[in-house]
Amino acid sequence: MAGRLVDIAIIGGGVNGCGIARDAAGRGLSVFLCEMGDLAQGTSSSSTKLYHGGLRYLEYLEFRLVREALEEREVLLKAMPHIAWPMRFVLPHHSGLRPAWMLRLGLFIYDHLGRHRSLPGTRKLDLHTNPVGAALKPSFSIGFEYSDGWVQDSRLVVLNARDAALQGASINVRSRCILAEQTDGVWRLEVQDADTGATQSVQARALVNAGGPWVSDIIGNCVRLNTKDRIRLVRGSHIVVRKRFEHDRAYIFQNADGRVIFAIPYEDDFTLIGTTDRDHVGSPSDAVCTPEETEYLCTAVSEYLLDPVTPADVVWTYSGVRPLYDDGAKSATAATRDYVLKVEQPSGAAPLLNIFGGKITTYRRLAEAALDKLQPFFPQMGGSWTASASLPGGDFPLGGAGDLSTRLRERYSFLDMPWANRLVRTYGTDAFTLLGDASDAGDLGRDFGATLTEAEVVWLREQEWARCVEDVLWRRTKLGLRMTSDQVQALDDWMRTSPAREKAQESRRAHGSR
């Protein structure tokens, strides 16, 4: 069976795959995307959640990457003010590590490397008098404060997928590509549904391999192509503890091994600490934060914090594998974070574009670069457009989330401020559509706890491809930090047995996108 024909088929539902799908669909190309698990299930939900230029990359002379990332920080803070916002970072000076003049110079370059800058610049702090010093040991007297950005990484992926689907792309989760081969000048893909085991055949004029840490597996086992390009799998682990300081700024701590560790305000009541940089051996699916990594992170931040962090304080850990382009660097920390795009087109066959590396901050520019690579094969495609387009729910001014929460409470008086803030920080203006005509909380259906209602779960399932409890509690939201085991079980039971679930699955099977 030949299957339907599309312009571009994309393997991989992380930030790069979904970003390319969105860009391509907006240029008028027909797009099919398949993801073997959930959207952002791998690397794209396991970042440090920073939307930043990468201050430490300056030490490795990655000036092009840092400049591009700083410029993208400006573009995308405006495009997604509901899920990303500016954040100030405090860098204490450690007398035994990088000298103060080096920190000052690096921050000066960081402030001025990008062509546009709307965020406040660096300033020097007296940590003995400034409130941010209260959480630190008194031996730290001087610090520097600079600007960067924060992003809800997995929501960024989902919103790119949603925008792609709104423009006609077919988004297929839990759909593994088991074979991709050249047939009559096009790619033919066999894609298997993880729930039913059924397969569908799709033909594409071009194939994009955005498999992230699985990119080499796709090349070798699915596409079956020989290539010299390789990726280096580097594991980054994080720990989450109860809130360690009251202010809204994050810390960046230098470590004796040359790395830096972040301590970041997280989900109102927690502090996120990370990350590690270790070469990973084995399947990316097996990545976990090891006891040794937990101890490493606790020790690193406890050198600075007045109230030390111990493994017993950890309430959650997560770990992901970065698919870095293998540039032969001696250590995982020194390996490039830049992306590399390679087009393979043997003897006039349909093109294959392999995506190596990349970082979440530059995903949109990566997508533009990918479409530039494919443009010769699709001369009819439209021009670049995403730099000035907001993501779904993001059609309000940067810094306007507070006003939007107030408007939401005026319309839905049963919401308290924390609930309204969470909905705005998750859905933006789409929160009004989600809540619909509700006049009280009872109109939203079953209350699963932690302000999660049946209406929200139905939205996540029908609009955002959530299929199981982990999708809802750990990728679409972070309510897994707040719900009890009994509440989680009740949600799991409901999602497994709700008639709406069967209806949604039937719709997905019929239309191949939701």
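The values are calculated or read from the model by the stated rules, or taken from the named source; none is laboratory data. This structure is a prediction, so every number in the text was calculated from the model and none was measured. Cβ placement follows ideal geometry from the backbone for every residue including glycine, while neighbour counts extend to all protein chains displayed.
Numbers below:
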| item | result |
| --- | --- |
| Matching residues in segment 200-247 - criterion: being in contact (Cβ under 8 Å) with a residue 60 or more places away in the chain, hydroxyl-bearing (Ser, Thr, Tyr) and out of contact with any helix residue (DSSP H, G or I) (no Cβ under 8 Å at 6 or more places or on another chain) | Ser201 |
| Any hit, segment 413-429, residues being crowded, with 21+ Cβ neighbours inside 10 Å and among the small types (Gly, Ala, Ser) | yes |
| Among residues of segment 423-449, those that are over 23 Å from the mean Cα position of the chain (by Cα) and assigned to a loop (DSSP other than H, G, I, E, B), counted | 7 |
| Qualifying residue in segment 61-68 (condition: hydrophobic (A, V, I, L, M, F, W, C), modelled with pLDDT under 85, more than 20 Å from the chain's Cα centre (by Cα) and surrounded by 14 or more Cβ atoms within 10 Å (Cβ to Cβ)) | no |
| The listed residue being surrounded by fewer than 16 Cβ atoms within 10 Å (Cβ to Cβ) and of a type in the set (D, E, K, R), out of Asp163, Asp126, Asp153, Asp111 | Asp126 |
| Every pair of residues 6+ apart whose Cβ atoms lie under 6 Å, when the first sits in segment 472-488 and is farther than 22 Å from Thr48 by Cα while the second is part of a helix (DSSP H, G or I) and at pLDDT 95 or above | none |
| Qualifying residue in segment 154-162 (condition: touching a strand residue (DSSP E or B) at 6+ places or on another chain (Cβ under 8 Å) and hydrophobic (A, V, I, L, M, F, W, C)) | yes |
| Every residue from segment 392-422 that is aliphatic (A, V, I, L, M), in contact (Cβ under 8 Å) with a residue 24 or more places away in the chain and part of a helix (DSSP H, G or I) | Ala401, Leu404, Leu408 |
| The one condition in (1) within 28 Å of Leu29 (Cα to Cα); (2) touching a Lys or Arg at 6+ places or on another chain (Cβ under 6 Å); (3) assigned to a helix (DSSP H, G or I) that Ala466 fails to fulfil | (3) |
| Where Thr361 falls short, out of the listed (1) at pLDDT 95 or above; (2) assigned to a helix (DSSP H, G or I) | (1) |
| Test: residue in segment 293-309 that is modelled with pLDDT under 95, surrounded by 15 or more Cβ atoms within 10 Å (Cβ to Cβ) and in a loop (DSSP other than H, G, I, E, B) | no |
| Residue match in segment 155-165 (condition: more than 26 Å from Val6 (Cβ to Cβ) and at pLDDT 95 or above) | yes |
| Per-region count, segment 217-229, residues out of contact with any strand residue (DSSP E or B) (no Cβ under 6 Å at 6 or more places or on another chain) and either in a helix (DSSP H, G or I) or closer than 19 Å to Gly320 by Cβ (or both) | 4 |
| In segment 24-51, residue farthest from Asn354 (Cα to Cα) [restricted to those that are part of a helix (DSSP H, G or I) and under 17 Å from the mean Cα position of the chain (by Cα)] | Ser45 |
